[in-house]
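Q: Before I ask anything, let me first share the structure, which is written out below as C-alpha cells.
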Amino acid sequence: MTAQLKPVTETFEVRNPATGELVGTYPVHTAEDIAERLTKARAAQVWWGDLGFRGRKKRIQRWVRWLARDCDTLYDIGFRETGKPKPDVQFELLAGLEDLRWAAAHAERVLAEKRVAPGLAMLNFDARVSYEPLGVVGVITPWNAPVYTAFCGLAYGLAAGNAVILKPSELSAATGVYAVESFYKANPDAPEGLVTWITGLGDTGAALCRSGVDKLAFTGSVPTGRRVMAACAENLTPVLLELGGKDATVVAEDADLDAAAASITWGSMWNSGQACVGVERVYVVEAVRDEFLAKVKERAAQVSAGLEELSAIGPMTVPNQIEIVRRHVTDALEKGGTALVGGLESIKPPYVEPIVLVDVPEDSAAVQEETFGPVVVVNTAKDVDDAIERANGTSFGLGSSVFSKSHGPEIARRLRAGGTTINSVLTFVGMPSLPFGGVGDSGFGRFHGDDGLREFTRAKATTRKRFDMGEDMQVFPRTKEQFDVVYKVLKVRYGRRFR
Ligand code: NAD
C-alpha cells in the first residue's frame, strides 16, 4: 500500500453524479507531498530497473491476473463514481488489461539493446541502440475514461522500466487509487513509491508538472494541455499530450448503411458521448443520405439514459458538460440545423438523451468544438471528396472512420487523424499493437504499440571499437594521406546513384 507520507489538511469529495452518494474523500496533495513521493519513486525505480524485462513482465502479468479476478470491485467503483453503466467500465477495463498484457509481453522485443550497421566510415566499430527508462514518469488522467487512461499510462510507463506517479481526475479519484493499490496487492514485494497516486485539483496536477519528473504524460482537454506544456517547459520536462477530439465518419455511396447506422449510433452515444474518440460528426454522401438518416433515427431513438447497471447510457458526469451540450445544440438549431432525434428537450440533468442534428453549418460550435455528450451531427456531402475535405475541417485530428465497401483504404489515407477505422468505429483504441494519439489540437506523442513503449524511454547509442583500421580519424594529427583517402571514398560512395 502507498502510505500517506505527511498529514494533509485539505481534502475533497467525490460524489456519484446522479445520486449525490459520497464515494470517497481524498487529500489535496501539495508540491511538498509530490517532492517526497518523487524521492521514493527514484529509489524504487532502481529496483524495478534491475529486475530487467523478464522480472517486470512477470510482475505485470501477476497484476493483470489479480485485476481480472477482482474485476467486480472496479465495475462497482466506476458505476458509483461516474455513474457509468457497468458495460462501459468493462469496455475500459478490457482495453486497459490488454494494454498491460501487451506492453509487458513486447517491452523486451521493442526496447532491448540491438546491434545496428555502423556504416562504411566506421566499419571497425560495433554499434548498438537501446531504449533506457526515463526514471520517474508523471501521468495525469481525465474523468471520462478513468480506468482505461490510468492503466494505459501505468502499462507503458512501467513496462518501459519507469516508476510512475499517477494523478487521476478529481472526479474519478477512487478509480486511480484502486489502479495503483491493486499493483501492490498483486506484488506485495514491490518497494513503496514505485507506483504512487496523488490526488487533488488542477493545482496538484500543475505541481506534478513542475516537480522534476522525467516525463509528463497528460490526457485531458486542450486548454489544460496547453497549461501542462507551459508548466513542463520550465524544467524542459518532455510531454505527451493526449487531448480532445471531434472525430468524423465518412459514409460513402457504397457503404453498408445498416452497419454504418448501428456503429455510428453506438460510437456517438457510448459513455454518454463523453469519449475523446466518440463519433461527433458524420458526412454522408447525398445519394444515400435519406436512407441512412432513416436508419440512424430508428437506432438512436431506441437508446435511453438511466442509472441501471446495464443502461445503454448513464448520466453526464459533470454538470458543466451538460451546459456545453445545451450551448452547442442551441447554436446549431439557431443557425438552421434541425433535430432528427431529440433536441433541447432531451437535456434532463443529470441525463442527456440521444440527440441527432442534421444540416448544421460547418462553422457552428457543434461542428467545430468538442461537444462531449450523446450528440451527433450528420451533414450531407456532395461526394466523397467533399466529405473528406469537411471531415478534415476542424483543428482536431484524433480518430476517424469510413464506411465504404470498395474504397475504404483510399478514403482512410486522406483523413487527417491519428487513427482511422474502416467499416466500424473506434477499433484502433482497443488494439495495443497500434499507436494511439492525435494530430493538431488532439495532441502529440503516442500510447500503445512499439511507439507507445519508446515514448517512455530515451534512445541510447553505444559504440565499441573492434579493431584498428589504418589511420584513426578520431585522433590527431590529421594527415594529407588520410584526407585524400576520404576524398576519394566520398566521391565514389555518394557521387553517383545510390539506394
Ligand atoms: P481536464 O483537462 O479538465 O483535466 C484533466 C486532468 O488534468 C485532471 O486530472 C485535472 O485535475 C488535471 N488538471 C487540471 N488543471 C491542470 C493544470 N493546470 N496542470 C496540470 N493538470 C491539471 O480534462 P477532463 O475534463 O478531465 O477530461 C476530458 C477531456 O479529456 C476531453 O477533452 C477529452 O477529449 C480528453 N481525453 C482525451 C483522451 C485521448 O486519449 N486523447 C482520452 C480521454 C479524454
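The values are calculated or read from the model by the stated rules, or taken from the named source; none is laboratory data. Predicted, not measured: the structure shown is a model, and the values here were computed from it. Quick reminder, even Gly has a Cβ in these numbers, built from the backbone with ideal geometry, and neighbours come from all protein chains shown.
Q: Is it fair to say Ala155 is in a helix (DSSP H, G or I), buried (at least 22 other Cβ atoms within 10 Å of the Cβ) and either among the basic types (Lys, Arg) or not assigned by TED's automatic domain parsing to the domain that holds Trp270 (or both)?
A: yes
Q: Quickly run through the range 206-217 and pick out the residues that are over 18 Å from Phe151 (Cα atoms) and touching a strand residue (DSSP E or B) at 6+ places or on another chain (Cβ under 8 Å).
A: Passing the criteria: Leu208, Cys209, Ser211, Val213, Asp214.
Q: So, in the range 165-196, how many residues would count as being among the basic types (Lys, Arg) and away from the ligand (no atom under 13 Å from the Cβ)?
A: 1
Q: Taking the condition of being polar (S, T, N, Q) and not in a strand (DSSP E or B), how many residues in the range 452-474 meet it?
A: First pass over the range 452-474, keeping only residues polar (S, T, N, Q): 457, 462-463, 474.
If we keep only those that are not in a strand (DSSP E or B) as well, we get 474.
Looking only at that region, the number is 1.
Q: Right, Gly278: crowded, with 16+ Cβ neighbours inside 10 Å and outside the structural domain of Asn423 (by TED's automatic domain parsing) or not?
A: Against the criterion (crowded, with 16+ Cβ neighbours inside 10 Å and outside the structural domain of Asn423 (by TED's automatic domain parsing)), Gly278 does not qualify.
Q: Could you look through the range 204-228, keep only residues that are surrounded by fewer than 18 Cβ atoms within 10 Å (Cβ to Cβ) and assigned to a helix (DSSP H, G or I), and pick out the one that is nearest to the ligand (Cβ to nearest atom)?
A: Only one residue tops the list, namely Arg227.
Okay, residues lined up against (1) of a type in the set (Gly, Ala, Ser); (2) within 16 Å of the ligand (Cβ to nearest atom):
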residue: Leu398; (1), (2): no, yes
residue: Phe403; (1), (2): no, no
residue: Met431; (1), (2): no, yes
residue: Gly440; (1), (2): yes, yes
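Yes/no matrix, rows are residues, columns are (1) at pLDDT 95 or above; (2) touching a Leu at 6+ places or on another chain (Cβ under 7 Å); (3) not assigned by TED's automatic domain parsing to the domain that holds Ala105:
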site	(1), (2), (3)
Ala417	yes, yes, yes
Val425	yes, no, yes
Ser442	yes, yes, yes
Arg464	yes, no, yes
Lys491	no, no, yes
Tyr494	no, no, yes
Arg499	no, no, yes
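Q: If you don't mind, another one. Looking at (1) more than 9 Å from the ligand (Cβ to nearest atom); (2) assigned to a loop (DSSP other than H, G, I, E, B), find the lone condition where Trp143 falls short.
A: (1)
Q: Do we find that Lys167 is modelled with pLDDT of 95 or more, charged (D, E, K, R) and crowded, with 24+ Cβ neighbours inside 10 Å in this structure? Give the steps one after another, and end with the answer.
A: Working: modelled with pLDDT of 95 or more: yes; charged (D, E, K, R): yes; crowded, with 24+ Cβ neighbours inside 10 Å: yes.
Judged against the criteria, Lys167 is a match.
Q: With the checklist (1) free of Cβ contacts under 8 Å to residues at least 40 places away in the same chain; (2) among the hydrophobic types (A, V, I, L, M, F, W, C); (3) touching a Gly at 6+ places or on another chain (Cβ under 7 Å) in hand, flag the one item Val279 doesn't pass.
A: For Val279, the exception is condition (1).
Q: Quick check on this structure: which one of Leu236, Leu310, Leu333 is surrounded by fewer than 19 Cβ atoms within 10 Å (Cβ to Cβ), in the same structural domain as Ser172 (by TED's automatic domain parsing) and more than 13 Å from the ligand (Cβ to nearest atom)?
A: Leu236
Q: Confirm whether Ala301 is buried (at least 21 other Cβ atoms within 10 Å of the Cβ) and out of contact with any helix residue (DSSP H, G or I) (no Cβ under 6 Å at 6 or more places or on another chain).
A: no
Q: Determine if the range 448-461 includes at least one residue that is more than 14 Å from the ligand (Cβ to nearest atom) and farther than 30 Å from Arg226 by Cα.
A: The answer is yes, given that some residue of the range 448-461 is more than 14 Å from the ligand (Cβ to nearest atom) and farther than 30 Å from Arg226 by Cα.
Q: Please verify whether the range 322-341 includes one or more residues that are under 21 Å from Gln90 (Cα atoms) and charged (D, E, K, R). Walk me through how you get there before you give the answer.
A: Taking the range 322-341 as the starting set, the residues that turn out to be under 21 Å from Gln90 (Cα atoms) are none.
No, the range 322-341 contains no residue that is under 21 Å from Gln90 (Cα atoms) and charged (D, E, K, R).
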